[in-house]
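Student: Structure provided below as C-alpha cells; questions to follow.
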Amino acid sequence: MPPVSARKIFIRYAVAADIERLLREGVVSGPPPPRESWAQRLVKWLAEQRAGRRAVLVAEDPSGLLGMVHLVFKFPVGYEDAEAANGMDVAMMEGLRTRADAPAEVGSQLVEEAQRIAVKRNVKTLTFCLPMNQARGIRQAKRWGFQEFRIMAEPAKMLAFFRKSIE
C-alpha cells in the first residue's frame, strides 16, 4: 500500500486578485450583504486590511482557495463594540468560511493562524460571534476553547458571542 501524502495547505493574507477566486471557487457564497455585492464587500475588507484594522486570511492548496477567515482589530465607525474588538488587546475572528469540498482541518488551521497573528499584534482576548441557530459552529467554537459571554438580538436572528484568552 503506498504511503498517504498529506495535502499541503498554505495560509496567507488575501490580495485583490483573490476577490474573483473567492467567489468563483465557492469560498464566499450565499445571499450577498444588504445593499452591496460580495465583490464590493470583499473590496471593503481588503481596504480595512491595508489600513491595519483587519487581517483577511485565505487557505489555499494546489486545488485552489479552500477557505478564509478575518481578524478584526477595530470595527468601522458606527459599528464599534469594545467587548468584541477594541483596536488594542481585544480582536474578533469573523467570516470563517470553507469551500464545500475543503478538508475538515482547514477551518482549524485558519483559526490557529488567526490566533498566531493576534498574539503578534498583542491581542490578549479573541472573540467570535455566531448565529445561535448554528449548533454545529457553536460546538466547534467551544472545542477551539471559546466560551460564550453574551447573546445579542438582531432583527432576523440571535447572536452568541464567544471569547478566549490567547496570551
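Each value in this text was obtained by applying a stated rule to the coordinates, not by laboratory testing. Predicted model only: the values in this text are computed from it and were never measured. Virtual Cβ from ideal backbone geometry, glycine too; neighbours counted across all protein chains shown.
Student: Which residues, taken from the range 19-29, are surrounded by fewer than 17 Cβ atoms within 10 Å (Cβ to Cβ) and within 16 Å of Glu94 (Cα to Cα)?
Tutor: Once the filter is applied, which keeps residues that are surrounded by fewer than 17 Cβ atoms within 10 Å (Cβ to Cβ) and within 16 Å of Glu94 (Cα to Cα), the range 19-29 yields only Ser29.
Student: Please verify whether the range 32-41 includes one or more residues that are in contact with a helix residue (DSSP H, G or I) (Cβ under 7 Å, 6 or more places away or on another chain) and part of a helix (DSSP H, G or I).
Tutor: We begin by selecting, within the range 32-41, every residue in contact with a helix residue (DSSP H, G or I) (Cβ under 7 Å, 6 or more places away or on another chain); these are 32-33, 38-39.
Of the ones still in play, those that are also part of a helix (DSSP H, G or I) are 38-39.
Within the range 32-41, one or more residues are in contact with a helix residue (DSSP H, G or I) (Cβ under 7 Å, 6 or more places away or on another chain) and part of a helix (DSSP H, G or I).
Condition check ((1) free of Cβ contacts under 8 Å to residues at least 12 places away in the same chain; (2) loosely packed, with under 14 Cβ neighbours inside 10 Å; (3) part of a helix (DSSP H, G or I); (4) under 14 Å from the mean Cα position of the chain (by Cα)) across all residues:
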position: Ala47; (1), (2), (3), (4): yes, yes, yes, no
position: Gly67; (1), (2), (3), (4): no, no, no, yes
position: Gly78; (1), (2), (3), (4): yes, yes, no, no
position: Met92; (1), (2), (3), (4): no, no, no, yes
position: Ala100; (1), (2), (3), (4): no, yes, no, no
position: Gln109; (1), (2), (3), (4): no, no, yes, yes
position: Glu113; (1), (2), (3), (4): no, no, yes, yes
position: Ile117; (1), (2), (3), (4): no, no, yes, yes
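Student: Quick one: is Ala59 of a type in the set (A, V, I, L, M) and assigned to a strand (DSSP E or B)?
Tutor: Details: of a type in the set (A, V, I, L, M): yes; assigned to a strand (DSSP E or B): yes.
Yes: the conditions hold for Ala59.
Student: Just to be sure before I move on: is Glu83 within 19 Å of Phe10 (Cβ to Cβ), in contact (Cβ under 8 Å) with a residue 60 or more places away in the chain and either acidic (Asp, Glu) or part of a loop (DSSP other than H, G, I, E, B) (or both) in the structure I sent? Give the derivation first.
Tutor: Details: within 19 Å of Phe10 (Cβ to Cβ): no; in contact (Cβ under 8 Å) with a residue 60 or more places away in the chain: yes; either acidic (Asp, Glu) or part of a loop (DSSP other than H, G, I, E, B) (or both): yes.
So Glu83 fails the test.
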